[in-house]
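The values are calculated or read from the model by the stated rules, or taken from the named source; none is laboratory data. Remember, it's a predicted structure, so these values are computed and weren't measured experimentally. So basically every Cβ, Gly included, is an ideal-geometry build from the backbone, and we count neighbours across all protein chains shown.
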Amino acid sequence: MEMLKRYRFWLLALGVTLVLPLTMRSGTLATEVLVYAMAVMACNLLLGYTGLLSFGQGIFFGLGSYGLGIALTRLALPLPLALVLAIVLGAAAAALVGWFAIRQRGTYFVMLTLAFAQMFYFLAYTTPDLTGGDNGLLDIPRPPVSLFGTELGSLAGPWQFYGFVAVLFLLVFFLVLRVTESVFGRTLLAIRNNEERAQAVGYNVRYFKLMAFVLSGAITGLAGALHAMLMGIAPLTNIDYHTSEMILIMTVIGGTGNAFASVLGAAFYVLLSDWLSTLWPRWLMLLGFLLIAVSLFIPRGLWGLGEMLWRKMGREPAKPIGQEEQA
Amino acid sequence: MNVYLLQVVNGVGIGMLYFLLAVGLSIIFGLLRFVNFAHGAFYALGAYLCFQALQLGLNFWVALAAAPLLVGAFAWLTEKVMLRHVYALPHEFHILVTVGLAMVAQELIITSWGPLGVNVAPPESLQGVVMWGSFVYPKYRLFVIGFTALLAVGLWWLLEGTRLGSAVRAGSESTEMVSLLGINIFRLFSLMFALGAATAAIAGVLAAPIRGAEPFMGVEALGVAFVVVVVGGLGSFTGALVGGVLVGVVQSLMSTLWPEGAWLMIYVAMAAVLLLRPHGLLGRG
């Protein structure tokens, strides 16, 4: 029982990767859930753990897509190197944007991340030789996974690719969980809860924020790369404002402060929008209302709502991460 | 005629529109540290109301008077019904609620006027060009520069020369102190919120004959408004003016030198200003 409690989030994530193929017909949609779940966890690392609301997640997502696309189609790099390139690009862009934006706080910071998101969008738009401009990078392949020349498995089929993404998703989930439970993660929480106090105690707040930003950028870059492989293209929309907005909305709907909430948020958004978009082309309006409602009435998101219901049913609540830190 | 001079004049015109767009955002921020991510939607609504008025057979001047009133009233109502309940929450929720509002507004625009852009003709009396020796310039753009300059003077007078303006300026120094002096800061805020939305709508109406109206212009405008206040300094009237004109001129000059990169360069200019002056050209640290 103790083991079960200790690894509950990890088990929940594993459960999701197993339930998705059993319940869904479309492997592409299931993969999309996991890809966005990674990007949302990265966003949550900033919003939930560091108190940084970033409108720039689309930058890292888009750069990941372009990085992988260029590596596979132009440079003909092997897949692992292409993924590493995407991760490094995401991290480097995050370091650059973070270096500018983290000097400012609060709303000013948020405005800067949005301005930089626009900047990278126009950068991608004005360099069609690299990015394909309006058309995006086309015909991105899914090369088979190989190790030292021996082929381990093909990624051509939707469920084969799902398996590959699921393994990476579980790795990222594990990493995020480890980070948030480490001293580093606790320091981030201290910064979120009371920045002045953390500074007074002697932490270099800017450095910790920047590190969180870089980690978030790296993970988002990986998600962007996998998205490009999933769709076979790296479109301009992957780097625009709406991608940033979408990742942020998923994060808020799922709930901040716990990695599994992000998986919930991504699954909810991807599946709901897939369903709504068949009913009504203007479904984004409903999502706008949903975002307002969640912000006003359930600020801790779906996970927080679930927790509240659980408590109402008279059981012991799962102790939310971060709660014990609040004075 | 010197093409660069022409582009500088063009840039001043566009920059004055950017100023109108950003000044409301800046004042609202100064008062309650509230950033309205739906501000671009007010601008887009202004442009579409102009289009709608012309469709109904009304003239441009009616649109110029009616659009800010309608958008201002809509903003005032939104503030009363919704935003009022958000102020007590942390700033993330201000942003998220207004982002949701902007999404709703954008989709409403698409349902009402379609997903494609529409063109708006300038009023008949302002079509054609003015000739001044070798200087040839479109009448409408000259009108925009003159009209926005008048508005800027009017706004400046409102902020610097009236009791209301002193309350607003004092409110951005210390909200608590102004409340203690018996001024209802919330009423002041709803008034300024409506005024900010109305100026954004005027910018939208004026911009419509120059660049048309399209559903996603709100997001673009929001990005530009942020650049303007970051460059000029947040919460400052003169900052918004200087930032707006600077951004307009950079964009306009770049559209001659490197047309594809004109939009990119205003963001590069922003980064450059941030490097040299982290609080903007006229901002206080």
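Between B:Gly100, B:Gly161, which is modelled with pLDDT of 90 or more and either crowded, with 19+ Cβ neighbours inside 10 Å or away from every other protein chain (no Cβ under 14 Å) (or both)?
B:Gly100
Which one is surrounded by the most Cβ atoms within 10 Å (Cβ to Cβ) among residues in the range B:135-158 that are touching a residue at least 60 places away in the same chain (Cβ under 8 Å) and not in a helix (DSSP H, G or I)?
B:Tyr137
Suppose the filter is within 14 Å of another protein chain (Cβ to nearest Cβ) and surrounded by 24 or more Cβ atoms within 10 Å (Cβ to Cβ); does A:Ser244 pass it?
Spelling it out, A:Ser244 is indeed within 14 Å of another protein chain (Cβ to nearest Cβ) and surrounded by 24 or more Cβ atoms within 10 Å (Cβ to Cβ).
Could you go through the range B:135-151 and let me know if any residue there is over 30 Å from B:Ala65 (Cα atoms) and over 17 Å from the mean Cα position of the chain (by Cα).
Within the range B:135-151, one or more residues are over 30 Å from B:Ala65 (Cα atoms) and over 17 Å from the mean Cα position of the chain (by Cα).
How many residues does the range B:103-134 hold that are within 14 Å of chain A (Cβ to nearest Cβ) and either assigned to a helix (DSSP H, G or I) or under 20 Å from the mean Cα position of the chain (by Cα) (or both)?
11
Could you list all residues from the range A:275-293 that are surrounded by 16 or more Cβ atoms within 10 Å (Cβ to Cβ) and more than 8 Å from chain B (Cβ to nearest Cβ)?
A:Leu276, A:Trp283, A:Leu286
Given (1) in contact (Cβ under 8 Å) with a residue 60 or more places away in the chain; (2) surrounded by fewer than 24 Cβ atoms within 10 Å (Cβ to Cβ), identify the lone condition not met by B:Leu234.
All conditions are met except number (2).
Among the candidates A:Ile233, A:Ile219, single out the residue that is at pLDDT 90 or above and crowded, with 24+ Cβ neighbours inside 10 Å.
Being at pLDDT 90 or above and crowded, with 24+ Cβ neighbours inside 10 Å holds for just one of A:Ile233, A:Ile219, which is A:Ile219.
When the range A:1-51 is examined, which residues are found to be over 14 Å from the mean Cα position of the chain (by Cα), within 30 Å of A:Ala101 (Cβ to Cβ) and not small (Gly, Ala, Ser)?
A:Phe9, A:Thr50 - these are the residues of the range A:1-51 that are over 14 Å from the mean Cα position of the chain (by Cα), within 30 Å of A:Ala101 (Cβ to Cβ) and not small (Gly, Ala, Ser).
I'd like the residue in the range A:78-135 that is of a type in the set (S, T, N, Q) and within 15 Å of A:Gly67 (Cβ to Cβ) and, out of all such residues, is farthest from the other protein chains (Cβ to nearest Cβ).
The selected residue is A:Thr131.
Suppose we filter the range B:174-204 for residues that are β-branched (Val, Ile, Thr) and in contact with a Phe, Trp or Tyr (Cβ under 8 Å, 6 or more places away or on another chain); how many remain?
Residues flagged as β-branched (Val, Ile, Thr) and in contact with a Phe, Trp or Tyr (Cβ under 8 Å, 6 or more places away or on another chain) within the range B:174-204 amount to 0.
Select from the range B:203-225 the residues that are more than 14 Å from B:Trp263 (Cα to Cα) and either at the interface with chain A (Cβ under 10 Å from one of its Cβ atoms) or outside any helix (DSSP H, G or I) (or both) and list them in ascending order.
B:Gly212, B:Ala213, B:Glu214, B:Pro215, B:Phe216
Of these, B:Leu17, B:Leu58, which one is part of a helix (DSSP H, G or I) and either among the aromatic types (Phe, Trp, Tyr) or away from chain A (no Cβ under 11 Å) (or both)?
On inspection, the qualifying residue turns out to be B:Leu17.
Specify which of the listed residues (B:Leu31, B:Leu89) is within 22 Å of B:Val178 (Cβ to Cβ) and not in a helix (DSSP H, G or I).
Selected residue: B:Leu89, the only one of B:Leu31, B:Leu89 that is within 22 Å of B:Val178 (Cβ to Cβ) and not in a helix (DSSP H, G or I).
Quick check on my filter: what residues within the range B:79-97 are without any contact (Cβ under 8 Å) to a residue 24 or more places away in the chain and more than 8 Å from chain A (Cβ to nearest Cβ)?
Selection gives B:Val81, B:Ala88, B:Pro90.
Output the number of the condition that B:Ala44 fails; it satisfies all remaining conditions of (1) closer than 13 Å to B:Ala197 by Cα; (2) at pLDDT below 95.
For B:Ala44, the failing item is (2).
Among the listed residues B:Pro259, B:Pro278, identify the single one that is more than 21 Å from the chain's Cα centre (by Cα) and under 24 Å from B:Ile28 (Cα atoms).
B:Pro278
Which condition number in (1) part of a loop (DSSP other than H, G, I, E, B); (2) free of Cβ contacts under 8 Å to residues at least 24 places away in the same chain is the one that B:Ala65 fails?
Failed condition: (1).
Pick from the range A:294-314 the residues that are within 12 Å of chain B (Cβ to nearest Cβ) and not in a helix (DSSP H, G or I): which of them is nearest to A:Leu12 (Cα to Cα)?
A:Arg300
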